[in-house]
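Below: one structure, written as structure tokens.
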Amino acid sequence: MARPESKLKEIKVAELRHEVGARRDMVMTVNRRSERRIIPCGEEFLFEKLPVGTRVIYPPPPLEPLADADQAIRYALLHPENQDPLFAQLSPNMRVTIAIDDISLPLPQMRRPDIRERLLNQVLQTLADYGVDDVHLVIATSLHRRMTEAEIRRIVGERAFKQYWPDRLYNFDAENRAELAMLGRTAHGEEVWLSKRAADSDLLIYLNINLVPMDGGHKSVAVGLAPYQSLRHHHNPATLRDSHSYMDPTRSALHRSSDRMGKLIHESLNIFQIETAVNTRMYGGMLDFLQKNEDQFSDWDRTRLAGFQWTLRNMSSELRRSLLHNYAAPYGMIGVWAGDTETVHQKALARVFQQYAVPVKGQADILIVGVPYICPYNVNSIMNPILAQCTGLGYLFNMYRNKPLVREGGTMIVCHPLRDEFHPEHHPSYIEFFHRCLPETTDAVELEKTFEHEFARNPTYIHMYRYGNAYHGVHPFYMWYWGEPARQHLGRVIAAGCEEPEVAARMGWEAADTLDEAIAMATSELGRSASITYLHLPPLVIADVE
Amino acid sequence: MSVSRKAANGARANLGRAAFYDLDGTLVSLNLVHAALFMLANVGEWSGRLSHLVGFAARVPHLYLAERRDRRLLNTVLFEAFKGVSRDRLFSLGEEYCERIMIRNLYPRAIELIEANRSAGIAPVLVTGSPDFIVAPLARHLEIADFAANRLVYGRGLATGRLAPPVMAGDEKAAWCARYAAERDIKLADCWGYADSHYDTAFLAALGHPVAVNPDRRLLAAATNRQWPVIRFEKAPTSESVFSNDDAVADELREGE
């Protein structure tokens, strides 16, 4: 039962225990007595001894979730930033479009009710109260795969699904020319295309989840509801090379470009942005040991870890994948803001950094990361080598502000088995990209010049994107470009735990059977005094490198 | 080569690349047995029809076993049922079957895909085990210039029940595609192939871009194993076509470059 408006108060997160200054203890150094460390490696979790002196960066503990998420949402809708409350912007007969973040976040998927369901229920109720009938719900997939009916039902909830699916609740289709509108060009010549339904609406409401600081802001609408014609202006090697890092919007050319587009969109559209932030409680219950400092493991934690490893090792790959992808995280909502996009996003960003940021002194010679079983583009699917590359070099390398965690010319060790394994219905163009394009060149600029347009306009891939559940034909290129800043910065990339060395070689990486071997390979060149940093996952951490 | 010729309305497109389409189960939601039954049920007077249908029914166990063993054998057994039917009658029934049944059962999105491929300079070619008297009118309807189909042998204007070699099934489809490509200086590596049955695995494997369409269990396993894309066509489209606007999009993209 909702409380009367007069009794609503802004709910604040208990912040005292999470001051950034108190986070020095999130960085520890391995000594002789230190426990082994958990390292994600595809669909397994390794438990490996790291060399003495290795610096391990831990994610901060989860912030306390808001005590009453529904009340906080209601408060945000009634007290938006730099805009009138949602109800005050409504009138009967107006056309409203609600765009919703797709399945690519949060990762893993969150327990029900999903934040998007909570947001939708309140927004739809407000619209109904004010007689607004012309409402469409669009999943902002951009060039991602179409979400299935079951996936959509899960994130929007039964109420919205029953009322709107399938005529007024659907996936955005970036190849439906009749449903696209060009709004103009930015001062930099970037074409701004958008969903026609959104562009023709009197009010566009965007429901966002910020899992990392890269998400949200102008990027939500300018990317989520845009086709290839728009995305190619910032999803390209030149722009991404100028992004330091993706997690620092102030120093990211990608964000500058999407901000320019977003501002142009705002000139012609009335947008009510709702942004939320979640804490880092990825694993709870029987798996909560995954988020602990291993030095503080109890016997029960070690037993559970051993049991978890044994179970994963002894399952068929299909069953293991199904088990992992069906796991739902007990994320807690740590903030919700509504109103003007830029103001809302600044507040959301501050909260996200409050959750993730850890101060770190200096860069390392060698950075170790573990690529887990999931990334934004393989939910309920296979983590293929291109996505492993994107997660390692694209996302995990970019988990920094100011300077990368590894020095220029340094070595990055990426733990992943790198199997030549693709999902034929989700990632068809990835297969051709991997087997046809990468053998010719790994140079992102060359790939863009030679192959990108052909893949983007390939009729079969377009068909599979529109009517199947395939990522757009151009998507593997974007995944490859995503790793471009890391490729420009690093001297070597070594895949540890690699099962198929030819896969690593095709991507320009070296292969090692084990993490020990990878570290030995790295230190053989840099010397035994080389500094090593391990970025501990899960959950997530952003290093403020001094 | 079983059949390789220009359809009446078909203008030969840019043949730098080709897309080879299987027919039954791939472009159309029917199979060869359905077509055979239609033919035999309409082949002449009622007594003749009865005789053909009874003959066909007697062949059912043989057909079942043939289907389990080899697609080529199935075709051979199935076409024996047409023995004694006049060539003219078969071609006239083929026109009727195409017009009344087949066109209505084409997957709408399959047609979109053919057109989109054609717009992208990938010329369509039908490669099917169906008989030429059915495939020819369909190829005309789809404006597909070239096709390979099975041909009956005729004696004095009547079908002998035998198929003229090569019988379009299994490896023979791949061999036909290779000859077709070689004659036109096309690289098979640049060609696309679409089929639905595990009997077409060799045909798909011969092409650079194989796609499993509504695959049966064994083709799906092969496609997954060989990392071939999988497409599923449905009978009723749920959204309107946009490929007619593809040129407009291409123009806009060119403008932006």
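Brief remarks on what is shown
- A cut-off of 5 Å between modelled amide H atoms, ignoring neighbours fewer than 5 places along the same chain, links A:Glu510 with A:Val493, A:Ile494, A:Ala495.
- Proximity of backbone amide H atoms, modeled 1.01 Å from N, is registered between A:Ser243 and A:Ala253 at under 5 Å, excluding neighbours fewer than 5 places apart on the same chain.
- The share of alpha-carbon pairs in region A:385-527 lying farther apart than 22 Å comes to 41%.
- Per residue, the convex hull volume that the Cα atoms of region A:361-436 enclose (Å³): 104 Å³
- Listed cross-link partners B:Lys173/B:Lys235; A:Lys196/A:Lys449; A:Lys196/A:Lys263; A:Lys196/A:Lys347; A:Lys49/A:Lys361; A:Lys449/B:Lys187 are compared with a 19 Å cut-off, the Cα-Cα value being larger for B:Lys173/B:Lys235; A:Lys196/A:Lys449; A:Lys196/A:Lys347; A:Lys49/A:Lys361; A:Lys449/B:Lys187.
- According to the calculation over all Cα-Cα pairs in region A:203-299, the P(r) per 5 Å bin from zero is 2, 11, 18, 18, 15, 10, 8, 7, 6, 3, 1, 0, 0 %.
- Acute angle (nearest 10 degrees) that the helix A:515-526 long axis makes with the longest principal axis of chain A, alpha-carbon atoms: 80 degrees
- Counting neighbouring beta carbons within 10 Å and listing from fewest to most, the residues A:Glu35, B:Glu112 come out as A:Glu35, B:Glu112.
- Modelled spin-label separation between A:Leu78 and B:Ala58, with each label point placed 7 Å from Cα along the Cα-to-Cβ direction: 8.6 nm.
- Cα extents of region A:296-337 along the three principal axes, largest first (Å): 45, 32, 9
- Size descriptors for the protein assembly as shown: radius of gyration and Dmax over Cα atoms are 29.7, 98 Å.
- Taking Cα atoms only, the orientation of helix A:253-268 departs from the longest principal axis of chain A by about 0 degrees.
- Shielding score for A:172-178, defined as the mean number of other chain Cβ atoms within 10 Å: 4
- B:Val54, B:Val127, A:Val27 arranged by Cβ crowding within 10 Å, fewest neighbours leading: B:Val54, A:Val27, B:Val127
- Amide hydrogen neighbours beyond the local backbone of B:Ala148, cut-off 5 Å, H modeled: B:Leu126, B:Val127, B:Thr128
- Between A:Asp299 and A:Met28, the FRET efficiency estimated from the beta carbon spacing at R0 = 25 angstrom works out to 0.75.
- Cross-link reach is defined here as a Cα-Cα straight distance under 14 Å, omitting same-chain residues fewer than 8 places apart; for A:Lys403 the aspartates and glutamates meeting it are A:Asp242, A:Asp248, A:Asp365, A:Asp544, A:Glu546.
- For region A:332-425, the set of chymotrypsin sites (Phe, Trp or Tyr not before Pro) satisfying both a DSSP loop assignment and a count of at most 10 other C-beta atoms within 10 Å is empty.
- In order along region A:314-323, the phi-based Karplus estimate (6.51 cos²θ - 1.76 cosθ + 1.60, θ = phi - 60°) of 3J(HN,Hα) comes to 9, 8, 5, 4, 5, 5, 4, 5, 5, 4 Hz; Gly and Pro are listed as x.
- Taking the Cα atoms of region B:38-130, the ratio Rg/Rh between the radius of gyration and the Kirkwood radius comes to 1.07.
- The mean number of Cβ atoms from other chains found within 10 Å of a Cβ in peptide B:225-234 is 6, as a whole number.
- Two-decimal ratio, region A:275-379, of alpha-carbon radius of gyration to 2.2 N^0.38 Å: 1.37
- Cα gyration tensor shape of region A:105-200, rounded if a/c is under 1.5, else prolate or oblate by comparing a/b with b/c: prolate
- Packing, taken as the mean count of other beta carbons within 10 Å per residue, orders the peptides B:100-108, A:537-545, A:266-274 from highest to lowest as A:537-545, A:266-274, B:100-108.
- Rounded to 5, percent antiparallel among DSSP beta bridges of chain A: 30 percent
- Cα point-scatterer Debye curve for region A:71-278, base-10 log of I(q)/I(0) at q = 0.18 Å⁻¹: -1.38
- Cysteines in chain A lacking any other cysteine Cβ under 4.7 Å from their own Cβ: A:Cys375, A:Cys390, A:Cys437, A:Cys498.
- Here the Karplus curve 6.51 cos²θ - 1.76 cosθ + 1.60, taken at θ = phi - 60°, turns the phi angles of region A:390-397 into couplings of 5, 5, x, 7, x, 7, 5, 4 Hz, with x standing for Gly and Pro.
- Alpha carbon convex hull of region B:150-242, projected area averaged over orientations, nm²: 9.2 nm²
Any read-out appearing in this document is the output of simple, stated calculations on the displayed coordinates, not a laboratory observation. These numbers were taken from a predicted model, which means no experiment stands behind them. With ideal geometry, Cβ positions are generated from the backbone for all residues, glycine too; neighbour counts draw on all protein chains shown.
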